[in-house]
Amino acid sequence: MKSLDELRKIRDQVRQELELRSGRYRAKVVVCMGTCGIAAGARETMKALLDALAAHQVTDVAVVAAGCRGFCEQEPLVEVQVGEAPAVTYGHVDAAAAARIVAEHLVGGRTVQDLVFR
Amino acid sequence: MKDLSLHLLDLIENAAKAGAGRVVVTLWWEGTAFCLEVSDNGPGLPAAVAAAPTDPYSTTRTERRVGLGLALLQAAADQVGGRVEVRSVPGAGVTVLAVLPQDHLDAKPLGDLVGALVTAAVGWPLDLQVAVGRPSETILDLAAVREHLDAVPLSHPEVVRYLRGALEEGLAPLQAQAERVFDAAAVPALSARPPPA
């Protein structure tokens, strides 16, 4: 198994980052990962989100998975909640759309209107 | 599901949604068959679902009355002469074993196992353990990872990089075997086809 020592260094580094911003994550991204989401490409969506967050050096956003929300035809579905603002749900989020959501919503602060699931 | 790694991700999602806290994924080869086993410590399947777990109309889902995950895995096994076994113990958990011959032209590829396992590790609040081989060797233990990270989320870019590295390293022998099986089975079968007129 890969050495766990590397994780201690990451932990110490991240703790310093957290102290700089009061130990809170400013946003949460939920990727729907039911059978329907997985079949529609949610794994690639999750990877694209994580890659884009890393590329933008965003470390104060938590990314988690959820099950099916019952709108299988809209998968992959992604929900973005920034602070106390109402959550925004995006539909048909492929890798390119995921990159836009990170750049425009999570970094730029603007909802990506043409991707919103209504 | 276009490859086996997506079925694996789906099985882990089933365990997470059932309320399991710990999931053990074991991957190994039996000759030319790729074997994957997902074992959880959740509540087990309701009796009605346990009676026919791969029946799409037998499901624990509440959004819709159809559950396709295990049914699609069974179909993937059937098309290559493999098998799926589901063992459920009420209150103790579920174990799903799939044995999937890969020396068959209809075999689904393994796919992006690293990507599927990173997604599961980051996405679900599970103590996910990944092991390879028989006897198995643990290549990732999220309980130990979390202990070292304290409250740092697994979705942090540096942690994701660590997880990918650990899984790429640990799964490399399995992927290499997949290429050997494909070369030994599919390439001769394809080259035996008559040349186009």
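The values are calculated or read from the model by the stated rules, or taken from the named source; none is laboratory data. None of the values given here were measured: they were computed from a predicted structure. Positions of Cβ are generated from backbone atoms using ideal geometry, with glycine treated the same way; all protein chains shown enter the neighbour counts.
Listed values, structure above:
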quantity: Members of the range A:96-118 found to be among the aliphatic types (A, V, I, L, M) and outside any loop (DSSP other than H, G, I, E, B), listed by number; calculated: A:ALA96, A:ALA97, A:ALA98, A:ALA99, A:ILE101, A:VAL102, A:ALA103, A:LEU106, A:VAL107, A:LEU115, A:VAL116
quantity: Selection status of B:GLY19, modelled with pLDDT of 90 or more and of a type outside the set (A, V, I, L, M, F, W, C); calculated: yes
quantity: Qualifying residue in the range B:22-42 (condition: closer than 19 Å to A:GLY67 by Cα and facing another protein chain (nearest Cβ under 10 Å)); calculated: no
quantity: Close pairs (7 angstrom Cβ cut-off, 6 or more residues apart or separate chains): away from chain A (no Cβ under 14 Å) and acidic (Asp, Glu) in the range B:105-120, buried (at least 24 other Cβ atoms within 10 Å of the Cβ) and part of a helix (DSSP H, G or I) anywhere; calculated: none
quantity: Residues of the range A:59-98 satisfying the condition of being at pLDDT below 95, surrounded by fewer than 18 Cβ atoms within 10 Å (Cβ to Cβ) and in contact with a Pro (Cβ under 8 Å, 6 or more places away or on another chain); calculated: A:ALA62
quantity: Which listed residue is within 22 Å of A:THR59 (Cβ to Cβ) and either of a type in the set (D, E, K, R) or surrounded by fewer than 23 Cβ atoms within 10 Å (Cβ to Cβ) (or both), from B:GLY91, B:GLY133, B:GLY123, B:GLY115; calculated: B:GLY115
quantity: Qualifying position, being more than 7 Å from chain A (Cβ to nearest Cβ), over 16 Å from the mean Cα position of the chain (by Cα), without any contact (Cβ under 8 Å) to a residue 40 or more places away in the chain and assigned to a helix (DSSP H, G or I), among B:GLU169, B:GLU158, B:GLU179; calculated: B:GLU179
